[in-house]
1. For a Förster distance of 35 Å, can you work out the FRET efficiency between the beta-carbons of Ser421 and Ala461, rounded to the nearest 0.05?
2. Which number do you get for Rg(Cα) / (2.2 N^0.38 Å) in the range 296-362?
3. Modelling each spin label as a point 7 Å along the Cα-to-Cβ direction, I'd like the Thr57/Glu445 distance in nm, to one decimal.
4. Give the accessible surface of the range 377-455 per residue, rounded to a whole number of Å², with probe radius 1.4 Å and ligands, DNA and RNA excluded.
5. Which order do the peptides 207-219, 67-79 take when ranked by the mean count of other beta-carbon atoms within 10 Å per residue, highest first?
6. Starting from the 7 Å offset along Cα-to-Cβ, what nm value, one decimal, do you get for the label separation of Arg137 and Asn200?
7. Highest first, please rank the peptides 417-428, 110-121 by the mean number of other Cβ atoms sitting within 10 Å of their residues.
8. May I ask you to derive the FRET efficiency for Leu603 and Gln339 from their Cβ-Cβ distance with R0 = 60 Å, giving the value to the nearest 0.05?
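The values are calculated or read from the model by the stated rules, or taken from the named source; none is laboratory data. Because the structure is a prediction, the values reported are computed rather than measured. Glycine also receives a Cβ, built like all others from the backbone with ideal geometry; neighbour counts cover every protein chain displayed. Heavy atoms of the whole protein, side chains included, go into the accessibility calculation; ligands, DNA and RNA do not. Shrake-Rupley method; radii C 1.70, N 1.55, O 1.52, S 1.80 Å.
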Amino acid sequence: MIDTTTLSKGQLAQLISRQQQRDSQNPLRTDTEPCAGNAATDGCPAHHHASHTDEQTNSRRNLQLLAEAEQCFQSLADFRQRRQRAVDYYRGRQWGDLVTEDGRQMTEDQYLRREGRIPLKQNMIRPPLRNLIGQYRSNATKPMVFARNRTDQRTAEMMSVALDAVLSQNNYASRDARQLEEFLISGCCIYRTSYSMDDNRQHALPKFRAVNPSRFFMRCGNDVCGDDVDLVGEVLDLSLDQLLATYAHTTTEGEYLRSLYPDADAATGHEWSVQAPTATLQGSDLLSPDQKGRCRVIEIWRKEGSWCLYCHDPLDGSYELRTLDSQAWITAENCRRNQSGLPAIALRQKYATRWHCYHLTPAAQTIYEGYSPYQHASHPFIFAFYPMVNGECWGLVEDLIDQQKMINRNMVMFDFMNSASAKGVLLVPEDCIPDDGSLEEIADEWTRYNGVIKIRTRTGAIIPQQISSNAINPGLSQMLQMQMNMMNDIGGVGNAAQGKAPAQGTPTSLYAMEHQNATINTLDYIDTFNHFVQQRDQRMIQLIQQYYTSSQYINLAGRDYSEEAKHYDPQAARDVDYMNSIVQSQDVPAFRSLMDNTLMQLLQNQQITLQMFLENCSLPYADRLLQQLKASKGNEQQHTNGDDPKNREQ
């Protein structure tokens, strides 16, 4: 770990001197142009050529950046440990907690095996989480875009079509379900948004990908929505091929990047990428790659302040921030406007903050540097932490761990008591054994079909008998059932939410009320996650406005939108202020069945035509029947025109 606060002046000078020597050979430069899109890092900006006007300042700045990133990364160490413990319990590795016995530290699994017991487990954590994920998938939702100005609602419908297409191309249903799973496990979910190349479709599009929370760091604030965060970043482990494809544009730059990572090799990186995720994604160190042969890149986004010009143009009513170097151009423009009788640009100096991006090596060398290339002028991460009480977050799994431990201990106790109890023991008094017989013969005849046992009997003697004892305390079964009931109560997934049959005689209204109350227990989780998804969709809208610069026809929305809305017009969409919300999707079986029944009643009452019915219903044969109906009407129209006497005279 590089911590500049613990270095002496001499050590810091040596580090800066070595950094300057490396920077003098750096062919990369800094700029603010974004990458056209590379799938290796999901839209990381392209490489840039560094200016060397103040190499010492840049070297000191990079060391300070790494120190800040390391501090933020280590501040989340407790969260990463708790998350890994929750993942282990969710996975079924539930005897990994450490215990101390005779001065030795070992896992609970090792301790039980040393005592001759089998570490049994009954994973009761996964069912409630699978139930919540299943409910989320069954209650499908879709984003709807609205314009703040009512006159722009047609444009908002067009943006809804574009957003629906982008989300479908990103397979949002599966990604959101997996993110909900991560959210329930750790209380954290993170997306990284970008505009990058899609290798399967061979064209660039707005994209988002999940970020492993173990590789994420930020300077934590007090706001539950994260609006006060001023430093955020991610740890990237790239193969050498990915590194060169992302940052190198010439062979010289490629050789320089190879020199920054002398231990990395393209073949070695792919060879070690087959390691188990549990061994490679825990992210215990900021500067060392988790896999041999990988290139560690630390992506840091920091909000930095500087003096700038706050300009207001009365001609178009716009407000914008410009650098101090723009003052000469603004002065010349105002002179031209004064001569033409136009209002001048009003300006004043202002200290403003902007997001600055750095891609650094573990040796504090700059691979990329630049301001945010996005029009939203922010970092590309969307994240949600729950519940953020005193700055801490945890998931539903952590609330269930103690109950799971009690269930496992009761199961082990059940097994131990059952194995130690008498099971079919044959009790033979010595007085019953004849002189010409033995215990072995009696035991053999006892278990044989139609066996005959010769014994000696006396008055008042006890004959041989088989003993079976039930050593399990009935209270232990009640304790186990109580723990299972408590787990359902804590998890908020009761019998009604799980779809179990109610007790005999339960009224339908009572069962429906129990189901509704069961969903209230988990409503906070679902609404928090929906807000996270809504923020993701808003960022996708901003990327669509910025990067969709040509008109195109989008036919991925089905019948939910008009034909006019499927023609995307970038000029009409760029200047509109949108807001989005999540609504219940119509593409669910219950809604489709209700809509089809309603349409069928309207058709039977002759309030709609057959064509209107086929255009709006969701029956599997509706499209084919609609085409045949239109073709039949066209043939009838042609036949009618052919029989017209005027047409025959012509």
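1. E between Ser421 and Ala461, to the nearest 0.05, is 0.80.
2. Compared with the compact-globule rule of thumb, the range 296-362 sits at 1.56.
3. 10.6 nm
4. That works out to 56 Å² per residue.
5. Final packing ranking: 207-219, 67-79.
6. In this crude label model, Arg137 to Asn200 measures out at 1.7 nm.
7. Taking the mean over residues of other Cβ atoms within 10 Å, the ranking is 110-121, 417-428.
8. 0.25
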